[in-house]
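The values are calculated or read from the model by the stated rules, or taken from the named source; none is laboratory data. Quantities reported herein were computed from a predicted structural model and do not represent experimental measurements. Don't worry about glycine lacking a Cβ; one is built from the backbone with ideal geometry, like all the others, and counts go over all protein chains shown. Heads up: the accessible areas ignore ligands, DNA and RNA and are worked out on the full protein's heavy atoms, side chains in. Shrake-Rupley method; radii C 1.70, N 1.55, O 1.52, S 1.80 Å.
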2 protein chains.
Amino acid sequence: MTTDSDVLGATEKEIMHATHRALVNSGYAELSISLIADELDKARSTIYHHYESKDDLLIRFLRFTVDRFEATINTSIGDHPREDLNHIITTLLPCQLTEEKRQLHSVLVTLSPQALDQEVFREQFTEIDIRLTAIIEKTVRRGIEADVFRDVDPTHVAEHILAMIKGTMYSRLTTNREAATGTVKTALFSYIDSHLIS
Amino acid sequence: MTTDSDVLGATEKEIMHATHRALVNSGYAELSISLIADELDKARSTIYHHYESKDDLLIRFLRFTVDRFEATINTSIGDHPREDLNHIITTLLPCQLTEEKRQLHSVLVTLSPQALDQEVFREQFTEIDIRLTAIIEKTVRRGIEADVFRDVDPTHVAEHILAMIKGTMYSRLTTNREAATGTVKTALFSYIDSHLIS
């Protein structure tokens, strides 16, 4: 599959990687075009040549990140639908949130209010959900074909899992209920066991 | 149960109701202390006497709203745990999002980035989740006692349901995937049927 990142120019790819480094090193609150330019070791004008604003760049960065996530998942997905499904869930909801993942998820939370009333942000959030659902759905479908999973509705299961993952992702970053993430993951795996496993 | 709203002074209660009207009539983007003062038919200083800033007021408003939601649920909850659970879910995830609910949910989405790094917002988001989980958990527990539900773990079930509700609430407001809300609700009711019903 050709992901969107493949069609990025060399400079844009560099900008994306520099944004990632700036985000991990300095955090979202500190993130600025200047900081990204420093990581890039180029002038700010290089970035403004490609992106109108920080928000514009971050939207593109979200897409770049989902592309990379998709590529990683597609590489690591094998012929074991059950393990593959666990892998997808654990990648999106790791037990320990590394600083890198915390910053990436923070971008989602930070940009979500913009998606309330700006179509360009809504489209990006829509695209992310469509692609995450597709990855989960494909894995469930493979499991059904391989007779590892029961003959469930793959779309329903995918939406069920994605809703739980997204709810937990937001709660994890915006509340002090540390134990809840573990509880939801246990509940999610137990749902998969009882609902999908023959 | 004494909810927090009971201890609000008369003026504060009026400010909360005025905020609600301003939010529904004008939407979050337009919301300002001036607009709330207009709804209240009092000077802005009356509001600033009680709340330092718009964010401070909105945090209090979130709490007021959860209090009211809790009171409504507690009034309408009867001796039918299964119907009560459906009622809670439908109240949080109505089929048609009225303009009133859209504005209330938008406040949650809009304030969530503040909860990333400000403890006062995190506490409020934590409190909301604790109270919503408690309502769901209590209903599940009643269902188990009444032999309507199987002997499941009420905490796990409550966290499972809340994660799905929150994920869907965020997705509904920030994406264009209208059909997904219906699919998740169907999946959620089917989970309750297969996991909880004896």
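Across the copies of the chain, residue A:27 has label points (7 Å from Cα along Cα→Cβ) spaced 3.3 nm apart, shortest distance listed first. Only protein heavy atoms count here, probed at 1.4 Å, and on that basis chains B and A bury about 3400 Å² of accessible area in total. The mean sequence distance of close C-alpha pairs (under 8 Å, at least 6 residues apart), as a share of the length of chain B, puts its relative contact order at 19 percent. Hydropathy first: keep DSSP H helices in chain B averaging at least -1.0 on Kyte-Doolittle, then drop any whose Cα extent along the axis falls short of 18 Å, and list what survives. Taking the DSSP H segments of chain B (at least 18 Å long, mean hydropathy at least -1.0), we get B:10-26, B:54-76, B:99-115, B:119-145, B:154-174, B:178-196. Placing a label point 7 Å from Cα along the Cα-to-Cβ direction at residue A:54 gives distances to the equivalent points in the other copies of 1.8 nm, listed shortest first.
Report the calculated FRET efficiency for residue B:100 and residue A:46 (r = Cβ-Cβ distance, R0 = 45 Å), to the nearest 0.05. So the FRET efficiency works out to roughly 0.45. Among the GluC sites (Glu not before Pro) in the range A:23-91, which ones are in a DSSP loop with at most 15 other Cβ atoms within 10 Å of the Cβ? Mind listing them? Sites meeting the loop and neighbour criteria: A:30, A:52. Select from B:74, B:176, B:25 the residue whose mean-square fluctuation is largest in a Gaussian network model of chain B (Cα-Cα springs shorter than 10 Å). In the Gaussian network model the winner is B:176. Inter-label distance, residue B:179 to residue B:79: 4.4 nm, where each label sits 7 Å from its Cα along the C-beta direction. Where chain A is rotated onto chain B, the residue of A whose Cβ comes nearest the axis, and that gap in whole Å, is A:167, 2. Solvent exposure of the protein assembly as shown amounts to 44 Å² per residue of accessible area, where only protein heavy atoms count and the probe is 1.4 Å. Inter-copy label distances for residue A:94: 4.1 nm (label point placed 7 Å from Cα along Cα→Cβ; shortest first).
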